[in-house]
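A.B. asks: Sharing a structure, written as structure tokens. Questions coming.
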Amino acid sequence: MKTQHLLLIAALALTACTKVEEEVPSIKAEFQQKYEFVMATFDSTIRTHDRESTLSPTQQEFLNRQLNELKAIIPLRGMTEAHRYDSLTENQTLRADSSQVGLVINRVNVWQICRQTSSLGVGTLQMGGYSLAINANPSSAYTVNSDYFNYDTFAAQYQAQPQKTISAPAVMLWENTVSNPGQCYSARVLVEYGLPHETVKKSLLEWRQNIAGIQGRLEQLTRERSPANYPLSHQLMVESQKLKEAFDKLP
């Protein structure tokens, strides 16, 4: 009986470990489908350009477009550190420069304060081409006749949890409509967001650099003839191998 009990504990422990391993986010998994498509495109191009010495502009543009889409994927969900932007304490708006790869907007809270009763319209958060419209609830601004307002006591009128990944570089802009804009002296924008872990950021930046290098060499193959002993098909095989090596490095 004791042996059976110990075996049951061991089985449960093994199941728990397996579950944790399955839940670990994988950058490579996010790229897998598009990567396989691009590799298939390389294979097709290699076969059709077996006897040619330069890459046609049309085929180069198609490969370049596919590589751009592959480069633009940002698998950050579950791989970020929590951060918070608060317009009350920050000297500038929320932004993500190219060194950050991107960010994930998790939660948005916005308060609108006015000296006189004012109705609120739809608020819009814009960042990196992404636009999020949020309906105000309640639909009126908080009326305060002093410069003090307890944000912890009153809920934000604008609330959303978009869970949206934004590609860098990007700058946040918040806009909303108020019936008496001249009477509104303060608003607080509070954004909870995630930035990629350092190892994730490093991997993604290296991935982008490797793809950019491939794109540059493909563009060069449209202008320069391949040497007689290195036909175009061989050059394309070299670039597809470089893409495979870059993919294999991803965690």
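A.B. asks: For the pair Ser186 and Lys202, how long in nm is the line joining their label points, each one 7 Å along Cα→Cβ?
C.D. replies: A separation of 4.3 nm, rounded to one decimal place.
A.B. asks: With a point put 7 Å past each Cα toward its Cβ, work out how far Gln161 is from Leu132 in nm, to one decimal.
C.D. replies: So the two model labels end up 1.2 nm from each other.
A.B. asks: So what is the 222 nm mean residue ellipticity for the chain from helices alone, if each DSSP H run of at least 4 adds -39500 (n - 2.57) and you divide by all residues, rounding to the nearest 500 deg cm²/dmol? All intermediate terms of the calculation are to be shown ahead of the outcome.
C.D. replies: Numbers: 5 runs with 102 residues, N = 251.
Result for the chain, helices only: -14000 deg cm²/dmol.
A.B. asks: Between (i) 22.3; (ii) 20.2; (iii) 19.2, which matches Kirkwood radius over Cα pairs in Å calculated for the structure shown?
C.D. replies: Label (i) holds the value from this structure.
A.B. asks: Next question, about the same structure. For the range 102-251, what does the accessible surface come to per residue with a 1.4 Å probe? Please give it in Å². Mind dumping the intermediate values first?
C.D. replies: Numbers: 7630 Å² over 150 residues.
That works out to 51 Å² for each residue.
A.B. asks: Moving on to the next point. Between Ser140 and Leu88, how high is the FRET efficiency from 1/(1 + (r/R0)^6) when r is the Cβ-Cβ distance and R₀ = 30 Å? Nearest 0.05.
C.D. replies: Between Ser140 and Leu88 the formula returns 0.90.
A.B. asks: Which distance in nm do the two modelled labels at Ser119 and Asn68 give, with both placed 7 Å along the Cα-to-Cβ direction?
C.D. replies: Modelled inter-label distance: 4.4 nm.
A.B. asks: May I pose another question? In the chain, what percent of the accessible surface is made up of carbon and sulfur (1.4 Å probe, ligands and nucleic acids excluded)? Working shown, then result.
C.D. replies: Details: 7280 of 14590 Å².
So the carbon and sulfur contribution to the accessible surface is 50 percent.
A.B. asks: Among DSSP bridges having both ends in the chain, what percentage is antiparallel? Round to the nearest 5.
C.D. replies: Details: 37 of 39 bridges.
If I count the DSSP bridges inside the chain, around 95 percent turn out antiparallel.
The values are calculated or read from the model by the stated rules, or taken from the named source; none is laboratory data. Bear in mind the structure is a predicted one, so any value in this text is a computation, not a measurement. Note that we place each Cβ from the backbone using ideal geometry, even for glycine, and neighbour counts take in every protein chain shown. These area figures cover heavy atoms from the full protein model, side chains too; ligands, DNA and RNA do not enter into them. Shrake-Rupley method; radii C 1.70, N 1.55, O 1.52, S 1.80 Å.
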